[in-house]
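**Q** Below is the structure I would like to discuss, written out as structure tokens.
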Amino acid sequence: MVVDALLAALCSMERIKADDRVVALETIHKLLSNVATHPSDGKYRKINKANTNFIRRLGRFREGLAALCAAGFVEESDEFLVLPPANDGQLQDAMNAVDDALHRTREEAARGVGEAERMELERRQAVRESLDQRKNE
């Protein structure tokens, strides 16, 4: 099911720094909502992967590209992703899943320290404590 794959892909995006993840999720949501709002307009169904704005906001993260593909986009070529009309049935569910992830990520970003950053801080603290113990031995 598309939504299950999307949820897994959205979870993998948790490796991305929270502020960057907010932008990436906003981009995915915008791309999906544009298709939902303009289902018969092909320009909203096609993404140029070489577009500098796309790369900056989402395309530089393989997890973000995986989320787009899980939401129904497919590679048309090395240059483009497209959302075929056959994948429209799950569009609202996909947008809801992205909305939920975006809400959680905004809260995380507002707190200032994401899970990855917290884990890195804990790792650094453990290294410092280990070094201190060696000095004291």
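The values are calculated or read from the model by the stated rules, or taken from the named source; none is laboratory data. Quantities reported herein were computed from a predicted structural model and do not represent experimental measurements. Here the Cβ is made from the backbone with ideal geometry for all residues, glycine too, and neighbour counts use every protein chain on show. Heads up: the accessible areas ignore ligands, DNA and RNA and are worked out on the full protein's heavy atoms, side chains in. Shrake-Rupley method; radii C 1.70, N 1.55, O 1.52, S 1.80 Å.
**Q** Looking only at residues that are of a type in the set (G, A, S) and surrounded by 21 or more Cβ atoms within 10 Å (Cβ to Cβ) in region 71-87, which one is farthest from the chain's Cα centre (by Cα)?
**A** For region 71-87, the residue satisfying everything is G72.
**Q** Let me ask you something else. So which of V74, V98, V82 ends up being over 25 Å from R15 (Cα atoms) and modelled with pLDDT of 85 or more?
**A** V82
**Q** Oh, and also: Among (1) more than 22 Å from M119 (Cβ to Cβ); (2) open to solvent by less than 30 Å² (accessible area, probe 1.4 Å); (3) aliphatic (A, V, I, L, M), which single condition is L31 missing?
**A** Going through the list (1) more than 22 Å from M119 (Cβ to Cβ); (2) open to solvent by less than 30 Å² (accessible area, probe 1.4 Å); (3) aliphatic (A, V, I, L, M), L31 breaks only (2).
**Q** For region 74-104, name all the residues that are free of Cβ contacts under 8 Å to residues at least 40 places away in the same chain and either basic (K, R) or within 18 Å of N51 (Cβ to Cβ) (or both).
**A** Listed by number, the residues that qualify are V74, E75, E76, S77, D78, E79, F80, L81, V82, R104.
**Q** So is E14 open to solvent by 70 Å² or more (accessible area, probe 1.4 Å), among the acidic types (D, E), closer than 13 Å to A101 by Cα and touching a residue at least 12 places away in the same chain (Cβ under 8 Å) or not?
**A** yes
**Q** Return yes when D88 is modelled with pLDDT of 70 or more, within 18 Å of D41 (Cα to Cα), in a helix (DSSP H, G or I) and touching a helix residue (DSSP H, G or I) at 6+ places or on another chain (Cβ under 9 Å) and no when it is not.
**A** So D88 passes the test.
**Q** Restrict the check to region 41-54 and report whether at least one residue is open to solvent by less than 60 Å² (accessible area, probe 1.4 Å), aliphatic (A, V, I, L, M) and either within 17 Å of A109 (Cβ to Cβ) or in a helix (DSSP H, G or I) (or both).
**A** No, there is no match, as no residue in region 41-54 is open to solvent by less than 60 Å² (accessible area, probe 1.4 Å), aliphatic (A, V, I, L, M) and either within 17 Å of A109 (Cβ to Cβ) or in a helix (DSSP H, G or I) (or both).
**Q** Restricting to region 47-64, give me the number of residues that are in contact with a Lys or Arg (Cβ under 8 Å, 6 or more places away or on another chain) and not small (G, A, S). Quick ask: steps written out before the conclusion?
**A** Of region 47-64, the ones in contact with a Lys or Arg (Cβ under 8 Å, 6 or more places away or on another chain) are 55, 59, 63.
Now drop any that are not not small (G, A, S), which leaves 55, 63.
Looking only at that region, the number is 2.
**Q** Would you tally the residues in region 98-112 being open to solvent by less than 70 Å² (accessible area, probe 1.4 Å) and more than 10 Å from L32 (Cβ to Cβ)? Explain how you work it out, then say what you get.
**A** First, pick out the residues of region 98-112 that are open to solvent by less than 70 Å² (accessible area, probe 1.4 Å): 98-99, 101-102, 105, 108-109, 112.
Adding the requirement that they be more than 10 Å from L32 (Cβ to Cβ) leaves 101-102, 105, 108-109, 112.
Number of matching residues: 6.
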